[in-house]
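Chemist: Pasting in a structure now, in structure tokens, and then I'll have a few things to ask.
The values are calculated or read from the model by the stated rules, or taken from the named source; none is laboratory data. Just so you know, these numbers come straight off a predicted model, no measurement behind them. Note: ideal-geometry Cβ built from the backbone for every residue, glycine included; neighbour counts use all protein chains shown. For the accessible areas, the whole protein counts, side chains as well, though only heavy atoms, and no ligand, DNA or RNA atoms are used. Shrake-Rupley method; radii C 1.70, N 1.55, O 1.52, S 1.80 Å.
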Amino acid sequence: MTAAAMLTKCFCPKLNFLEMMGPTSKHLLHCCLFAVLSFVIQVLYGGIRIGGYEPPDFDPFERYGHLTAIVLYVLRFMPILAMPQALFNFLGVVLYNAFPEKVPLKGSPLLAPFICIRTVTRGDFPDLVKRNILRNMNTCQDVGLENFMMEVVTDKPIHLPKHARIREIVVPSTYRTKTGALFKARALQYCLEDEVNILSDNDWIVHLDEETILTRSSIRGILNFAFDGKYQFGQGMITYANEEVVNWMTTLADSYRVAEDMGGSRTQSVVRPRNRRFGGRRLLLRDGRRQRRLPVQLHRRRDVGEESVHHLRLPPAEETLDAGNLFGGS
């Protein structure tokens, strides 16, 4: 859910008219609210002057001295460094509809390739992991998916319930990668070790965080992506505030991440498809042999923080990446 929907739901909780609007109407409402908020912010911060206000006219080099004036000018122009990303985010928010219609399936779920839904966690919140794993598994079954499994990779034992579709992998504390990768990159690499990996090279892997919730539309999008068979890598958008909102301020702050997904992922994939970012919490992969080869090429001692290191830089001959709308909600 984007900022427009969240603001409407926040200030008009009893006027639940968003559910009666079509995807195009919701997108237009979202763009209008985006324009209004941008205008208000510009007025508040002096970008647009109303009422004949004239700023004081003086020479900063004379008032503050050369060194201080140069420092102030540098600080003033530093936000321009974020202009490329801001431009991509703007295009993503305006050009791509954040309220897609129900995703139709392109084939039967019974004929879908094997899909492993892999959740990476430190194991600090076992109840959350258990609840979301069971919920995601039920969502897959509701869509009709049969050829799948849920896999949890954790640093601490969670003791998931015994189930034929659930597999828990505990990364040993003594495990070290060849290149010293840490955290999620280390956990993901452990899953690819020959003595741990049970997947074939043609199986698909969906990478999620412990708090990520799959929707029926997201499952259909993943199946359609697999049915197309055009790409080896893909990622999608994660939305927020789809259910009960605990804190509106933090939830509204998370709406920026939706713009990041649409702008940083979808828009950049069109402009520069071979130089783009990945987020491991909504990543789809296929071809185990190639994936097992990537960590050797990628990891360095300085790359210790994020799971995106595990997938980010592709070989020169890699296919164009697709940023289809795979995931519907979080």
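Chemist: I'm trying to understand the selection: among the residues of the stretch 171-183, which are under 25 Å from the mean Cα position of the chain (by Cα) and open to solvent by 10 Å² or more (accessible area, probe 1.4 Å)?
Modeler: Across the stretch 171-183, the qualifying residues are Leu182, Phe183.
Chemist: Could you tell me how many of the residues in the stretch 43-62 are surrounded by 10 or more Cβ atoms within 10 Å (Cβ to Cβ) and part of a helix (DSSP H, G or I)?
Modeler: 3
Chemist: Given the structure, is Gly180 over 28 Å from Ala112 (Cα atoms) and touching a residue at least 40 places away in the same chain (Cβ under 8 Å)?
Modeler: yes
Chemist: Counting only residues that are aromatic (Phe, Trp, Tyr) and closer than 29 Å to Val152 by Cα, which one in the stretch 92-127 is least open to solvent (accessible area, probe 1.4 Å)?
Modeler: The residue in question is Phe114.
Chemist: I would also like to ask the following. If Lys230 passes every condition in (1) under 21 Å from Cys140 (Cα atoms); (2) part of a loop (DSSP other than H, G, I, E, B); (3) among the basic types (Lys, Arg) but one, which one does it miss?
Modeler: (1)
Chemist: Now for a separate question. Looking at Arg186, Arg216, which one is touching a residue at least 12 places away in the same chain (Cβ under 8 Å), charged (D, E, K, R) and surrounded by 18 or more Cβ atoms within 10 Å (Cβ to Cβ)?
Modeler: Arg186
Yes/no per residue for (1) of a type in the set (Gly, Ala, Ser); (2) more than 21 Å from Ala226 (Cβ to Cβ); (3) out of contact with any helix residue (DSSP H, G or I) (no Cβ under 8 Å at 6 or more places or on another chain):
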| residue | (1), (2), (3) |
| --- | --- |
| Val103 | no, no, no |
| Asp127 | no, yes, yes |
| Gln141 | no, no, yes |
| Thr154 | no, yes, no |
| Gly180 | yes, yes, yes |
| Phe183 | no, yes, no |
| Arg186 | no, yes, yes |
